[in-house]
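Structure, as C-alpha cells:
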Amino acid sequence: MSMPNQQSQRHYSLFIEWSERDNVYVVSFPEWEQAGHIVHAHGTTYQEAVENGQDTLTFLIQATLEEGENLPEARAYAGV
C-alpha cells in the first residue's frame, strides 16, 4: 500500500470531544461524515485520541484512493 501524501492529510479536520458515557476521547472526521462515511476513533488520553485519529485518517485516505474514489473536499477555517 502506498502512503498518502502528508500534505493531503494535513488539511482534514479532526474533532475531538470527551465522552462521559464511554470514558474516552472520541474523534470525528467532519469532511468524511459529510461525504457519508461515519467513522470514529478514540483514545483514553487526548494524545492517544489524536494519534488514533491520525492513523484512522491515513487509513481513510488510503482506502479511498485505492478504491479509485475522490477524496472529500477539505474544510478551510473561515475565521471569526
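Data for the structure
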quantity: Looking only at the stretch 7-29, and only at residues there that are within 13 Å of the chain's Cα centre (by Cα), outside any loop (DSSP other than H, G, I, E, B) and at pLDDT below 95, the one that is surrounded by the most Cβ atoms within 10 Å (Cβ to Cβ); calculated: Q9
quantity: Criterion violated by N70 - all others in (1) modelled with pLDDT under 95; (2) not in a loop (DSSP other than H, G, I, E, B) satisfied; calculated: (2)
quantity: Considering residues of the stretch 35-65 that are loosely packed, with under 11 Cβ neighbours inside 10 Å and modelled with pLDDT under 95 only, the residue nearest to E20 (Cα to Cα); calculated: I38
quantity: Inter-residue pairs, beta-carbon under 8 Å, first without any contact (Cβ under 8 Å) to a residue 60 or more places away in the chain and charged (D, E, K, R) and in the stretch 48-61, second surrounded by 15 or more Cβ atoms within 10 Å (Cβ to Cβ) and not in a helix (DSSP H, G or I), 6+ apart; calculated: E48/Y25; E51/G43; D55/A41
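The values are calculated or read from the model by the stated rules, or taken from the named source; none is laboratory data. As the structure is a prediction and not an experimental result, all values here were calculated from the model. Note that each Cβ is placed from the backbone with ideal geometry, even for glycine, and that neighbours are counted across all protein chains shown.
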